[in-house]
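Accompanying notes for the structure given below.
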Amino acid sequence: MSTIQATRLRKGNLVQMDQNLLRVIDITHLTPGKGHGFVQARFRNIRTHSLYDHKFRSEDNVQLAILDSRKMQFLYVDGDSYHFMDTETFDQSHLTSETLGDSVNYLLPESIIVVEFYNEEAIGIELPLTVDLKVEDTAPAIKGATASAQLKPARLETGLVVQVPPFVANGDRIRVNTDTGEYQGRV
């Protein structure tokens with residue numbers, strides 16, 4: 001465990017507080033006119049998935065959890081479980097859709113993903129910055145339409161719906177930003 005000052009917490013950090021493992025999902029630094037500044041953080045408990053809010057003084061220290069990252073291949077979905085296999089030892093692990101959250105929209109079978117472990121327990125995944133996905137269903141292209149301000153919804157092979165320019169057609173492969181879920185371009 002390493003400790004950092006509360007003002008250095010960032011979204012996505014994993015911290016340990018009161019024997020609980022918590023992921024930072026939102027953080028706000030506040031400096032009122034009078035008194036000392038503070039940090040308002042919202043956490044999600046890794047094991048129970050409950051939300052937890054906590055206010056830190058700016059001089060408080062927080063324990064960061066040290067994670068072990070392993071490259072794993074995404075194998076398949078079985079109901080609510082997403083199964084991964086270590087590419088070196090062939091050990092398998094699974095994570096629930098509740099643990100993965102919106103990340104499930106970017107998982108394709110046989111893709112290589114970094115899985116995060118804490119004390120030999122799989123707790124999450126680290127997605128690449130962008131993924132290339134195939135357009136399954138979108139409205140037909142409108143002849144003469146420009147890409148300036150018009151957008152249309154497109155359903156991708158994972159079920160994710162993104163807004164795309166009018167020239168994107170069914171069967172096209174597009175690049176999607178995994179942080180924002182936005183269209184980046186055709187591939």
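The values are calculated or read from the model by the stated rules, or taken from the named source; none is laboratory data. Computed from a predicted model, the values in this text were never measured in an experiment. We place every Cβ from the backbone using ideal geometry, glycine too, and count neighbours over all the protein chains shown. Only protein heavy atoms, including side chains, enter the accessible area calculation; ligands, DNA and RNA are left aside. Shrake-Rupley method; radii C 1.70, N 1.55, O 1.52, S 1.80 Å.
Based on the Kirkwood approach, the hydrodynamic radius assigned to the stretch 63-187 is 16.0 Å, with every pair of different Cα atoms included.
From its DSSP helices (H runs of at least four residues, each -39,500 (n - 2.57)), the chain gives a residue-normalised ellipticity at 222 nm of -500 deg cm²/dmol. Among the trypsin sites (Lys or Arg not before Pro) within the stretch 1-106, those in coil by DSSP and having at most 10 neighbouring Cβ atoms inside 10 Å are ARG10, LYS34. Here the accessible area is traced with a 1.4 Å probe on the protein chains. For the chain, carbon and sulfur cover 46 percent of it.
Per residue, the accessible area of the chain comes to 59 Å², computed with a 1.4 Å probe over protein heavy atoms only. Dipole size of the stretch 1-128 about its Cα centre, with +1 on Lys/Arg Cβ and -1 on Asp/Glu Cβ: approximately 860 debye, rounded to the nearest 20. Along the stretch 81-96 the Karplus relation, 6.51 cos²θ - 1.76 cosθ + 1.60 evaluated at θ = phi - 60°, assigns HN-Hα couplings of 9, 10, 9, 10, 10, 5, 6, 9, 9, 6, 5, 10, 9, 9, 10, 7 Hz to successive residues, with x for each Gly and Pro. Rounded if a/c is under 1.5, else prolate if a/b beats b/c, else oblate: with a ≥ b ≥ c from the C-alpha gyration tensor eigenvalues square-rooted, which is the stretch 1-148? Verdict is oblate for the stretch 1-148.
Among the lysines of the chain, pairs that are 8 or more positions apart or on different chains and have alpha carbons within less than 29 Å of each other number 8. Applying both filters, DSSP loop and at most 13 other Cβ atoms within 10 Å, to the chymotrypsin sites (Phe, Trp or Tyr not before Pro) of the stretch 1-100 gives PHE90.
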